[in-house]
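Derivation of every value follows stated rules applied to the coordinates shown; laboratory data play no part. As the structure is a prediction and not an experimental result, all values here were calculated from the model. Neighbour counts are summed over all protein chains in view; Cβ atoms, including those assigned to glycine, are modelled from backbone coordinates with ideal geometry.
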Amino acid sequence: MTIRTLAITAALVPALTACAHRAPEIAPQEAFWSALASHCGKAYAGGLASEDARDADWQGKRMIAHWADCSPTRIAVAFHVERDAEDGSDPEASGWDRSRTWLVTKTGTGRAARLTLKHDHRHDDGTPDAVTFYGGITAAPGTARAQDFPVDAESIALFGREGLAASLTNVWRVEVDPAGTGGAKFAYQLTRKNDPTRLFRVAIDASTPVPAPPPAWGWE
């Protein structure tokens, strides 16, 4: 072996060693799931970030997202919306709408992982709403911070039965930064493929926890 060959070999060894010890890349949906799970047990406040006139009733309302229940395959984020916030009264006196819980479930691991988003809607007595458990499954890898959930066949059938034609092309998006990240954010968003003007978006400050609210309706 020549001196030149020895020099080349010596130069390559550190690079090959670094490659061998480099941490494997985490699949986007796994990374997203880890970020979402990092908030388990915490609650954060926020509000409506979009300005669609169709959501006028939501404007100015305080909102809380509470990671109320977590398991290795399911994360339940209860979404609480203040009622009558415009009068400046105490929110517990004016009441909160606790009817909504976002359920994100994970099947598979690594690049075979798939995430599902479902909406659990309940009345204040805990009974299911007529329009409940709708959502979608991630069809593309997405990113570690954001995942899109196009409406699934089960939900399309539900919307059809309930006369909700506008919802047949829904796409939900969830965005999340890992807990402890400076300026961490969480967002829930709705758009529609058949209506490019439709935008409903809630933005939550996930860097500063707030006291956990009472359980969502039906989750007591």
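Observations
- Most to least packed among 61-71, 156-166, 184-194 [average Cβ atoms within 10 Å]: 61-71, 184-194, 156-166
- Leading residue at positive end of dipole, segment 25-205 (Cβ point charges), from A144, C40, G110: G110
- Partners for K118 among lysines (Cα-Cα distance below 18 Å; same-chain residues under 8 apart left out): K106
- Dipole moment magnitude, nearest 20 debye, segment 151-220 about Cα centre, only Lys, Arg, Asp, Glu C-beta charged: 280
- Total charge dipole magnitude, segment 25-205, about the Cα centre, Cβ charges on Lys, Arg, Asp, Glu only, Debye to nearest 20: 760
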